[in-house]
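Participant: I have a structure I would like to understand better, so I am pasting it below and will then ask my questions one at a time.
The values are calculated or read from the model by the stated rules, or taken from the named source; none is laboratory data. For clarity, every value in this text was computed on a predicted model and none was experimentally measured. FYI the Cβ positions are ideal-geometry reconstructions off the backbone, even for glycines, and counts take in every protein chain you see. Surface accessibility is based on the protein's heavy atoms, side chains included, excluding ligands, DNA and RNA. Shrake-Rupley method; radii C 1.70, N 1.55, O 1.52, S 1.80 Å.
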Amino acid sequence: MRIGVDVGGTNTDAVLMDGGRVLAWTKQPTSADVEGGVTAAIRAVLEDSGTSAAHVSSVMIGTTHFVNALVERRELDRVGVLRLASPSGEALPPLTGWPEDLAACIGRHYHLLPGGYEVDGREMAPLDEVRLRDAALDLKARGIAAIAVSCAFSPINAAMEQRAAALLREVWPEAAITLSSEIGRIGFIERENSAILNAALTSLATRVVRSFGRAVAALGIEAPLFISQNDGTLVSAAQAEAYPVMTMGSGPTNSMRGAAFLSGVADAIVMDVGGTTTDIGVLASGYPRESSISVDIGGARTNFRMPDILAIGLGGGTRIHLDPALYEAGEPAGAALRVGPDSVGYRLAQEGMLFGGQTLTASDIALRTGQADFGDPALLPAMSDAVVAAVDGRIRAILEEGLDRMKTGRDKVTILAVGGGNFLIPDSLGGAAQVIRPPHAVVANAVGAAIAQVGAQVERVVSYDALAREEAIEQVAALAREQVLAAGGDPASLILADVEETYLSYLPGRAVQIRVRAVADLAFEAPAGGEAAAIGVPHEA
């Protein structure tokens with residue numbers, strides 16, 4: 001028995017699964033303290049199915065708390081940044097290009113120190129340990145306990161960042177240290193931004209993840225707790241506390257993985273419709289397509305692993321902007337009709353006309369056209385067929401435009417419609433071969449969390465002049481397999497999900513960056529390394 005939970009800003013969804021069967025599911029309001037909503041959701045699926053807590057073998061939780069905190073500028077720690085790249089790395093100081101309100105929350109507490117490497121791995125400047133200790137003492141005196149360390153080309157050689165971390169722990173053992181080489185990829189500013197954001201989430205990650213643990217323990221569940229990552233795999237609770245940015249995209253990723261599992265379709269475009277937005281992503285071999293460009297998180301450019309997701313302002317609570325005087329007129333023209341992007345969100349049950357409110361929403365139109373089957377049709381205002389058709393056509397156009405933006409070819413594709421607002425997606429769309437609504441589509445996100453696998457991604461920069469291609473790839477793949485097994489993966493189900501080669505033309509000797517991702521089902525045993533075992537954490541060269 002496995003329990004999957006997805007904690008959203010409005011609802012906390014949960015499912016209880018026995019193998020591949022969904023035994024029970026629920027939607028509960030997300031509580032302000034997180035713990036209450038998770039406890040209510042898990043208790044509901046246990047009670048509905050008559051299952052004892054002793055029969056639960058694992059609990060998997062996905063959450064949007066961390067990305068919401070960044071977007072909403074709340075509960076963020078002040079961060080001290082130590083950049084090892086001087087003198088050449090002083091042109092653009094840390095937090096350059098950040099939104100001013102986000103930078104103000106985190107603070108501009110940085111030290112530019114000698115260090116770093118050239119692109120070919122040669123040392124650019126030696127690490128000045130005396131200045132590093134002085135910087136650590138300065139941050140300690142200011143009470144800044146979250147520290148991000150960035151070093152030029154540390155994904156090629158992480159030794160200088162690791163030495164800096166060791167010195168920081170000597171000066172300040174209680175500090176929470178994030179190394180950029182453990183978070184991002186080559187691309188200094190984006191990697192440093194990723195490390196700063198991770199450090200800013202330190203205290204929030206500790207509170208949220210531990211509240212999950214308390215919720216599980218309060219129900220008498222002694223099974224291990226896992227947190228889902230951006231790529232659809234799992235990390236231990238301890239790893240989620242250390243690397244919260246690696247879980248920020250887990251919401252849409254869980255929905256996509258759940259959609260693939262529930263439908264049996266491995267290659268498709270998933271439309272996950274919530275109350276405010278529709279997240280559109282591409283499934284390739286059952287996994288979300290990874291973004292190949294810098295991802296904007298809260299206004300800061302980053303380069304850690306994130307799914308390639310297009311979020312559009314259309315959901316069940318999206319406002320329909322139309323003068324009530326035109327409800328029974330002919331077809332509204334141009335600017336007279338606007339769909340979103342604002343939404344009533346979780347207030348749909350109070351403000352939507354189908355529940356007696358005064359705001360016309362996308363759900364009202366869906367009820368009028370027969371796509372939705374909740375609410376009271378008698379509460380809807382009188383609207384001409386031409387007006388309904390115009391609004392419905394505008395919604396269809398928004399969805400079709402989003403589909404076109406995510407497609408990579410001219411051929412028609414399969415659409416998997418999931419999420420609580422999936423009724424907004426019509427049964428046929430331009431560019432779609434078919435629209436499939438899998439069973440339990442409204443809780444596909446929780447299903448995705450429940451069926452998540454353990455995984456590991458290993459990256460190495462190698463020279464094919466020094467090592468044969470097949471041997472180099474196998475060495476990196478062996479490291480990925482080893483990490484998956486150490487994390488509690490089942491050897492019988494272990495596969496290489498992705499092997500990627502990127503030729504680095506600016507390096508000598510046919511240099512190539514090899515990236516291998518391996519995944520496996522949980523063996524339902526405690527990881528060999530205990531709670532702190534690294535599950536799915538990227539290993540940088």
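Participant: Run D279 past the list (1) under 30 Å from A103 (Cα atoms); (2) of a type in the set (D, E); (3) in contact (Cβ under 8 Å) with a residue 24 or more places away in the chain; (4) open to solvent by 40 Å² or more (accessible area, probe 1.4 Å) and report the number of the one that doesn't hold.
Facilitator: (4)
Residue-wise test of (1) assigned to a loop (DSSP other than H, G, I, E, B); (2) over 30 Å from G489 (Cβ atoms).
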site: A148; (1), (2): no, yes
site: R169; (1), (2): no, yes
site: I177; (1), (2): no, no
site: I196; (1), (2): no, yes
site: A199; (1), (2): no, no
site: E222; (1), (2): yes, no
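Participant: Residues in segment 153-167 that are modelled with pLDDT of 90 or more and outside any helix (DSSP H, G or I): how many?
Facilitator: Final tally of qualifying residues: 0.
Participant: Now, a different point. Here is a check on your reading of the model: is A417 part of a helix (DSSP H, G or I), buried (at least 24 other Cβ atoms within 10 Å of the Cβ) and not aromatic (F, W, Y)? It would help to see each step written out before you state the result.
Facilitator: Details: part of a helix (DSSP H, G or I): no; buried (at least 24 other Cβ atoms within 10 Å of the Cβ): yes; not aromatic (F, W, Y): yes.
Here the answer is no, as A417 does not meet what is asked.
Participant: Would you pick out the residues in segment 190-207 that are among the acidic types (D, E) and surrounded by 24 or more Cβ atoms within 10 Å (Cβ to Cβ)?
Facilitator: Scanning segment 190-207 gives a single hit, E192.
Participant: While we're on this one: Quick one: what pairs do we get from segment 123-138, first residue in contact (Cβ under 8 Å) with a residue 60 or more places away in the chain and on the phi > 0 side of the Ramachandran plot, second among the polar types (S, T, N, Q) and surrounded by fewer than 15 Cβ atoms within 10 Å (Cβ to Cβ), C-beta under 6 Å, 6+ apart or different chains?
Facilitator: Listed by first residue and then by second, the contacts come to nothing, as the list is empty.
Participant: Got a sec? Which of A382, A389 is in contact (Cβ under 8 Å) with a residue 40 or more places away in the chain, part of a loop (DSSP other than H, G, I, E, B) and more than 26 Å from the chain's Cα centre (by Cα)?
Facilitator: A382 is the lone residue from the list that is in contact (Cβ under 8 Å) with a residue 40 or more places away in the chain, part of a loop (DSSP other than H, G, I, E, B) and more than 26 Å from the chain's Cα centre (by Cα).
A quick yes/no check of all residues on (1) modelled with pLDDT of 85 or more; (2) under 29 Å from the mean Cα position of the chain (by Cα); (3) under 30 Å from E190 (Cβ atoms):
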| residue | (1), (2), (3) |
| --- | --- |
| P307 | no, yes, yes |
| L310 | no, yes, yes |
| P324 | no, no, no |
| E328 | no, no, no |
| Y346 | no, yes, no |
| L354 | yes, no, no |
| Q358 | yes, no, no |
| Q371 | yes, no, no |
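Participant: Then there is this: Where the second residue is assigned to a strand (DSSP E or B) and open to solvent by 50 Å² or more (accessible area, probe 1.4 Å) and the first is closer than 22 Å to A145 by Cα and lies in segment 92-118, which pairs have Cβ atoms under 8 Å and are six or more apart or on separate chains?
Facilitator: From segment 92-118, the pairs are P93/Y110; P94/Y110; L95/Y110.
Participant: Follow-up question, since we're still on this one. Which is in contact with a helix residue (DSSP H, G or I) (Cβ under 8 Å, 6 or more places away or on another chain), without any contact (Cβ under 8 Å) to a residue 60 or more places away in the chain and farther than 24 Å from I227 by Cβ, of V499, V516?
Facilitator: It is V499.
Participant: Can L70 be described as in contact (Cβ under 8 Å) with a residue 60 or more places away in the chain and open to solvent by less than 20 Å² (accessible area, probe 1.4 Å)? Quick ask: steps written out before the conclusion?
Facilitator: On the way: in contact (Cβ under 8 Å) with a residue 60 or more places away in the chain: yes; open to solvent by less than 20 Å² (accessible area, probe 1.4 Å): yes.
So L70 passes the test.
Participant: Test I147 against the criterion of being modelled with pLDDT of 95 or more and surrounded by 15 or more Cβ atoms within 10 Å (Cβ to Cβ), and give yes or no.
Facilitator: Details: modelled with pLDDT of 95 or more: yes; surrounded by 15 or more Cβ atoms within 10 Å (Cβ to Cβ): yes.
So I147 fits the description; yes.
Participant: Something else about it: Being among the basic types (K, R), over 19 Å from G430 (Cβ atoms) and open to solvent by 50 Å² or more (accessible area, probe 1.4 Å) is the requirement here; does R368 meet it?
Facilitator: Working: among the basic types (K, R): yes; over 19 Å from G430 (Cβ atoms): yes; open to solvent by 50 Å² or more (accessible area, probe 1.4 Å): yes.
Yes: the conditions hold for R368.
Participant: Inspect segment 208-225 for any residue being of a type in the set (V, I, T) and open to solvent by 20 Å² or more (accessible area, probe 1.4 Å) and give the result as yes or no.
Facilitator: From segment 208-225, those of a type in the set (V, I, T) are 208-209, 216, 221; that's our starting set.
Within this subset, residues satisfying the condition of being open to solvent by 20 Å² or more (accessible area, probe 1.4 Å) are none.
No, segment 208-225 has no match at all.
Participant: Look through D411, D392, D376 and report the one residue that is open to solvent by 30 Å² or more (accessible area, probe 1.4 Å) and in contact with a Ser or Thr (Cβ under 6 Å, 6 or more places away or on another chain).
Facilitator: Of D411, D392, D376, the one residue that is open to solvent by 30 Å² or more (accessible area, probe 1.4 Å) and in contact with a Ser or Thr (Cβ under 6 Å, 6 or more places away or on another chain) is D392.
Participant: Out of contact with any Asp or Glu (no Cβ under 9 Å at 6 or more places or on another chain) and among the β-branched types (V, I, T), is that true of I425? Don't jump to the end; show me each part of the working.
Facilitator: On the way: out of contact with any Asp or Glu (no Cβ under 9 Å at 6 or more places or on another chain): yes; among the β-branched types (V, I, T): yes.
When the stated conditions are applied, I425 passes them.
Participant: For residues that are in contact (Cβ under 8 Å) with a residue 24 or more places away in the chain, among the hydrophobic types (A, V, I, L, M, F, W, C) and outside any strand (DSSP E or B), scanning just segment 333-365, find the one that is surrounded by the most Cβ atoms within 10 Å (Cβ to Cβ).
Facilitator: A362
Participant: How many residues does segment 99-127 contain that are within 18 Å of L167 (Cα to Cα), open to solvent by less than 50 Å² (accessible area, probe 1.4 Å) and not hydrophobic (A, V, I, L, M, F, W, C)? Don't jump to the end; show me each part of the working.
Facilitator: Going through segment 99-127, the residues within 18 Å of L167 (Cα to Cα) turn out to be 110-116, 125-127.
Retained after the next criterion (residues that are open to solvent by less than 50 Å² (accessible area, probe 1.4 Å)): 111-116, 125, 127.
With not hydrophobic (A, V, I, L, M, F, W, C) added as a condition, the list becomes 111, 114-116.
Counting residues in segment 99-127 that are within 18 Å of L167 (Cα to Cα), open to solvent by less than 50 Å² (accessible area, probe 1.4 Å) and not hydrophobic (A, V, I, L, M, F, W, C) gives 4.
Participant: For residues that are part of a helix (DSSP H, G or I) and of a type in the set (D, E, K, R), scanning just segment 472-508, find the one that is farthest from G455 (Cα to Cα).
Facilitator: E474
Participant: Residues of segment 243-267 being of a type in the set (G, A, S) and either in a helix (DSSP H, G or I) or open to solvent by less than 10 Å² (accessible area, probe 1.4 Å) (or both), which ones?
Facilitator: Listed by number, the residues that qualify are G249, S250, G251, S255, G258, A259, A260, S263.
Participant: Could I ask something else about it? Pairs needed: first member in segment 10-23, under 10 Å from S49 (Cβ atoms); second member anywhere, hydroxyl-bearing (S, T, Y) and outside any strand (DSSP E or B); C-beta distance under 8 Å; at least 6 residues apart or different chains.
Facilitator: Partner pairs satisfying both residue conditions: L16/S49; L16/T51; L23/S49; L23/T51.
Participant: Sticking with this one: Can G299 be described as farther than 22 Å from P377 by Cβ, out of contact with any Gly (no Cβ under 7 Å at 6 or more places or on another chain), open to solvent by 10 Å² or more (accessible area, probe 1.4 Å) and in contact (Cβ under 8 Å) with a residue 60 or more places away in the chain?
Facilitator: So G299 fits the description; yes.
Participant: Do you know which residues across segment 281-311 are acidic (D, E) and either part of a loop (DSSP other than H, G, I, E, B) or farther than 21 Å from I415 by Cα (or both)?
Facilitator: Listed by number, the residues that qualify are D296, D308.
Participant: Only residues that are under 20 Å from I186 (Cβ atoms), surrounded by 20 or more Cβ atoms within 10 Å (Cβ to Cβ) and of a type in the set (G, A, S): list them for segment 452-499, please.
Facilitator: Result: A456, A480.
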